[in-house]
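Readers should treat all values here as calculations from the given coordinates under stated rules, not as data from a laboratory. Remember, predicted model here, so these are calculated numbers, not experimental data. Quick reminder, even Gly has a Cβ in these numbers, built from the backbone with ideal geometry, and neighbours come from all protein chains shown.
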Amino acid sequence: LERLDKEIFQVQEVANRLSGLFERREHEAARIRTIQGSISALKRIPPEVLAEIFIYFIPEDYPYITIPNINLYCYPWFLGRVCSRWRQIMWETPRLW
């Protein structure tokens with residue numbers, strides 16, 4: 001009887017851990033849905049608007065300023081590393097160069 005009680009206790013411990021994992025999974029799934037919604041909104045921004053935003057991103061005194069660990073001669077490349085869409089917009093925006 002004692003052995004069965006011990007096994008039941010172990011099963012209950014596993015069930016409790018599993019319940020916690022299910023809660024954590026649901027929390028992470030909700031977080032992912034929120035992030036995907038934000039990304040979806042960014043995808044709807046027209047390329048012309050993103051290009052204007054990129055132009056404002058580059059400092060007026062570019063390329064004559066220095067920031068540690070960032071080579072500002074490659075500022076447009078910095079934007080182009082975000083995703084393929086941003087890279088395409090970077091290439092198609094002469095004012096960035």
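Here are a few things to note about the model shown:
- Rounded to the nearest Hz, the phi-derived 3J(HN,Hα) couplings of region 28-36 under the Karplus curve 6.51 cos²θ - 1.76 cosθ + 1.60 (θ = phi - 60°) are 5, 4, 5, 4, 5, 4, 5, 5, 4, where x marks glycine and proline.
- Toward the positive end of the charge dipole of region 1-44, with +1 on the Cβ of Lys and Arg and -1 on the Cβ of Asp and Glu, the farthest Cα among F22, Q10, I39 is that of I39.
- Full extension of the chain segment joining E26 with E2 gains 5.0 nm, where the gain is 0.36 nm per residue of separation less the Cα-Cα distance.
- The 3J(HN,Hα) values that the Karplus relation (6.51, -1.76, 1.60; θ = phi - 60°) gives for region 44-50 are, in residue order, 7, 6, x, x, 5, 5, 4 Hz. Gly and Pro appear as x.
- Added length on full extension, which subtracts the Cα-Cα distance from 0.36 nm per residue, N16 to C83: 20.0 nm
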